[in-house]
Amino acid sequence: MSPAIQSPPGHYRLTHVVKSEVVKMLTVPSTFITFGLTVVAGLLVTALVTHNVMHQGPGFDPTQQALTGLIVAGLTGGVFGGLLITAEYSSGTIRATLAATPKRPVLLAAKIGVTALTTMLFCEVMSFVSFFLGQAILSGRGAPTASLGSPGAIRAVLMTGVFIALLSLMAFGFGLICRSTAGAIAAFAGVVFVLPLVMHAISRSAVPYLPTNILTNSIMATVNQVPPGAISVNGPLSPAVGLSLMVLYAAVTLAVGSVLFVKRDA
Amino acid sequence: MITAHSLTKRYGTTTAVDNLTFEVLPGLVTGFLGPNGSGKSTTMRMIMGLDVPDSGSALIGGKPYCDLAWPLREVGGLLDAKAFHSARTARNHLRWLALSNDIPLRRVDEVLDQVGLSSVAGRRVGKFSLGMSQRLGIAATLLGDPGVLLFDEPVNGLDPEGIRWVRHFLRGLAAQGRTVFVSSHLISEMSQTADRLVVIGRGRLIAETSVTDFARRSGGAAVRLVTPDVAEFTAALIAMGATVGNAADGSLTVDGLRAPPIGDLAARQGLRVHELTPIAASLEDAFMALTQDEVEFRPSTMAGTLAVGEEE
């Protein structure tokens, strides 16, 4: 047998798997559909909210208003993160993937890294664009505006991107657990969008701890913030606590998903 | 070389693969034969590291799949004809596979050419026919130029031309010195493709032997006899200790005597012979007999009788 190619020394590494995962991500239309949808729908929501702004009283928060569209990114980012793993199962590609790179922890590290970096970079850009778009519209309506130099504004804009990357990682974790697109998206949408409605009805004290509420009231908001060191009852969490809690949610979901992924038969 | 040693896999109370031990040697096509649901796919998945055995081991060149340095350069596996994302193009499917094992990207076009898919390389695989998908799956196995290849039911759903192509391809790979392991539930297909057979039934090893030996040992040879002198011939044959059966077309099926003594008998007694044909034991019959009745054919005894004529 005359070899057509020579094997390089050593063995396959994380960098090979990352390259492979990036190509995978960029060669399916769903990536561009979810990101395209995020841009269009997200900016449309920001435009509508800032254009129709009513309350311009003392509690008015132009930063939060201009970031509203990123809630859409929370949903689409979750769909994106979930699909990155569930599409492998629904298409059967997972078996080809594991045959190519059978070390599951390495594969997971590559996938988690690609998901996190892609959504974070994208959402940071989205966050800034939405902020500036919102301020431009608010200014056109004669409403109060914020700049990146306004207290808390740059913090809110940057943290929003990170927060949505964490949401997509949580969805990726649900994808690892459910292994089906419908299941993962239902679980994600359930936690992020349905749970707040349920909790409002049964236990209001838990509401500030829910991802969606953290995003809008702790991360995007720059006014009505709890002063550092103060303890609020039923009020929004501070940005740092809120972000840390979301890190915890994503980590727990990913940890459960990862353990199952490594242990279960493909 | 692939070695399975006491491989066992249970799903709940069902034992899908039961203490399976066999070897797949380089330079030959080894057929992995068994009825549907006999544990062929599960065994292949364990070899590929997709499923973890409950006990025993499956090694490739002495290593578990998971420990291979460059899996795609060492093993090519086609376990599922449609294991592609339908929206991805054929070329892109092979590109991500190549990158994962640092395989030069020129190999992508080389293997597409090898399987005859160059003209549809840019087409989404969701639009592919089963035959084209099968070819793409084979292209993927060749990407890393591996020495060991596994194919799970590669001709399923293919048209005769496709079947012939796959058969020719597998033989070519073995002729290059590669280890080729092909599962099938069709003995007729395996008899034309494989050199050796690993036969399983209900997850247990029934035979590990050569194709010719499998046919020879699994069923007695009979002789078909067409004669106008049925009554006289039957009496004479029974007198010689043969068993005579009447076939639907009026011919006789003689068991226990080979063609030469039957011809001699005809000459001695002046009986007319219109046709005298030795019938090779049907591989299907042998296969059915071996796999249908697990009680009668315990793997331990069958392995003992059938493994005698093993070919290297």
With the requirement that a residue be crowded, with 16+ Cβ neighbours inside 10 Å and modelled with pLDDT of 90 or more, what does region B:210-228 give you?
B:Leu225, B:Val226, B:Thr227
Please give the strands (runs of 3 or more DSSP E) falling wholly within region B:222-283 in which 1 or more residues are among the hydroxyl-bearing types (Ser, Thr, Tyr).
B:243-246, B:252-255, B:275-279
Within the bounds of region A:1-10, is there any residue that is part of a helix (DSSP H, G or I), out of contact with any helix residue (DSSP H, G or I) (no Cβ under 7 Å at 6 or more places or on another chain) and more than 8 Å from every other protein chain (Cβ to nearest Cβ)?
no
Regarding A:Ser91, is this residue over 19 Å from A:Val72 (Cα atoms) and among the hydroxyl-bearing types (Ser, Thr, Tyr)?
yes
Flag if A:Met54 is away from chain B (no Cβ under 14 Å) and farther than 30 Å from B:Ala175 by Cα:
yes
If a residue counts only when it is within 14 Å of another protein chain (Cβ to nearest Cβ) and crowded, with 24+ Cβ neighbours inside 10 Å, which strands (runs of 3 or more DSSP E) contained entirely in region B:1-106 have at least 3 such residues?
B:75-78
So which residues in region B:123-171 are assigned to a loop (DSSP other than H, G, I, E, B), among the small types (Gly, Ala, Ser) and surrounded by fewer than 22 Cβ atoms within 10 Å (Cβ to Cβ)?
B:Ser129, B:Gly147, B:Gly157
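Listed here are the residues, each with its yes/no results for (1) of a type in the set (A, V, I, L, M, F, W, C); (2) modelled with pLDDT of 95 or more; (3) within 20 Å of the chain's Cα centre (by Cα).
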site	(1), (2), (3)
A:Thr115	no, no, yes
A:Phe122	yes, yes, yes
A:Ser127	no, yes, yes
A:Ile137	yes, yes, no
A:Gly140	no, no, no
A:Ser150	no, no, no
Test B:Pro278 against the criterion of being surrounded by fewer than 17 Cβ atoms within 10 Å (Cβ to Cβ), of a type outside the set (S, T, N, Q) and at pLDDT 90 or above, and give yes or no.
no
How about region B:112-122: which of its residues are part of a helix (DSSP H, G or I), surrounded by fewer than 20 Cβ atoms within 10 Å (Cβ to Cβ) and of a type in the set (A, V, I, L, M, F, W, C)?
B:Val120
Would you check if A:Thr31 is surrounded by fewer than 19 Cβ atoms within 10 Å (Cβ to Cβ) and either under 29 Å from A:Val194 (Cα atoms) or among the acidic types (Asp, Glu) (or both)?
yes
Given the options A:Val28, A:Val40, A:Val45, name the one that is within 21 Å of the chain's Cα centre (by Cα), within 14 Å of chain B (Cβ to nearest Cβ) and of a type in the set (A, V, I, L, M).
A:Val28
Just to check your reading of the model, which residue among B:Asp159, B:Asp145, B:Asp109 is over 29 Å from A:Leu260 (Cβ atoms), within 9 Å of chain A (Cβ to nearest Cβ) and in contact (Cβ under 8 Å) with a residue 12 or more places away in the chain?
B:Asp145
Mind telling me which of the residues A:Thr97, A:Thr101 ends up being closer than 30 Å to B:Leu136 by Cβ and out of contact with any Leu (no Cβ under 6 Å at 6 or more places or on another chain)?
A:Thr97
Residues within region A:11-23 that are surrounded by fewer than 15 Cβ atoms within 10 Å (Cβ to Cβ) and facing chain B (nearest Cβ under 8 Å), tallied
0
Residues in region B:175-194 that are in contact with a Pro (Cβ under 8 Å, 6 or more places away or on another chain) and part of a helix (DSSP H, G or I): how many?
0
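The values are calculated or read from the model by the stated rules, or taken from the named source; none is laboratory data. Keep in mind that what you see is a predicted model, and the values were worked out from it rather than measured. Here Cβ is always computed from backbone atoms with ideal geometry, including for glycine, and neighbour counts include all displayed protein chains.
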